[in-house]
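Asker: Here's a structure for you.
The values are calculated or read from the model by the stated rules, or taken from the named source; none is laboratory data. Predicted model only: the values in this text are computed from it and were never measured. Counting neighbours? That spans all protein chains shown, and the Cβs are built from the backbone with ideal geometry, glycine included. In case anyone asks, the SASA skips ligands and DNA or RNA and just uses the protein heavy atoms, side chains included. Shrake-Rupley method; radii C 1.70, N 1.55, O 1.52, S 1.80 Å.
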Amino acid sequence: RLLTISDQRYQFLSGVFRVDLDAFDAHLRRAEALEGADALIEYDRALAIYQGDFLSNETYEWADPFRRDYQRRFVTAAHQAGRLALECRDVKRAMAFYQAILDRDPIDEEAARALMRCHAKLGDVNGARRVYKALREALRRELEDEKAEPMPETMALVQEFAR
């Protein structure tokens, strides 16, 4: 028996199937228990599994809380992985984590600032400016306001690169 029915609910027996959400969660748990390069490996594995939002092509209302929860977990893990990669002096790897966040949420200013700093560390000031410009355009689109600007700390960072 693979399936049980009780209280008018269907439930698969645990451990019978392996699903990507379980693997994602397992890698995140291991990453949080480890340090340094070992933790980065687990973050890499977890974030590589996350190919898209939970049931993203479906309109099931019951899936919305799960979808939001896994979006939050992905972004939190990518931020942690980016910081850890920088601690390990792996700027390009950090950039990949921050870019993954921006690919899913183009108005995440924390990720944008971190990515801008990464570009600057590599001597790519123009890359930092491109990140800023993309952020500003995304904010204007999202807020439907042609005058919308990033937060003051983000604007100060890009001005710092201009010097």
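Asker: Can we say Ala96 is closer than 15 Å to Ala48 by Cα, crowded, with 16+ Cβ neighbours inside 10 Å and without any contact (Cβ under 8 Å) to a residue 40 or more places away in the chain?
Answerer: Yes: the conditions hold for Ala96.
Asker: Just one of (1) under 14 Å from the mean Cα position of the chain (by Cα); (2) open to solvent by 80 Å² or more (accessible area, probe 1.4 Å) trips up Asp69, so point out which.
Answerer: Evaluating Asp69 over (1) under 14 Å from the mean Cα position of the chain (by Cα); (2) open to solvent by 80 Å² or more (accessible area, probe 1.4 Å) leaves (2) as the failure.
Asker: In region 144-163, what residues are under 23 Å from the mean Cα position of the chain (by Cα), in a helix (DSSP H, G or I) and surrounded by 12 or more Cβ atoms within 10 Å (Cβ to Cβ)?
Answerer: The answer is Thr154, Met155, Leu157, Val158.
Asker: When you go through Ala48, Ala81, Ala26 one by one, which is the residue that is among the aliphatic types (A, V, I, L, M), in contact with a helix residue (DSSP H, G or I) (Cβ under 7 Å, 6 or more places away or on another chain) and in a helix (DSSP H, G or I)?
Answerer: When all the criteria are applied, what remains is Ala81.
Asker: Condition first: within 13 Å of the chain's Cα centre (by Cα) and either among the β-branched types (Val, Ile, Thr) or surrounded by 16 or more Cβ atoms within 10 Å (Cβ to Cβ) (or both). Now tell me which residues in region 72-92 satisfy that.
Answerer: Arg73, Phe74, Val75, Thr76, Ala77, Ala78, His79, Gln80, Ala81, Gly82
Asker: So Gly52 clears everything in (1) over 10 Å from the mean Cα position of the chain (by Cα); (2) over 17 Å from Asp20 (Cβ atoms); (3) surrounded by fewer than 17 Cβ atoms within 10 Å (Cβ to Cβ) except one condition, right? Which one?
Answerer: Only one criterion in (1) over 10 Å from the mean Cα position of the chain (by Cα); (2) over 17 Å from Asp20 (Cβ atoms); (3) surrounded by fewer than 17 Cβ atoms within 10 Å (Cβ to Cβ) is unmet by Gly52, namely (2).
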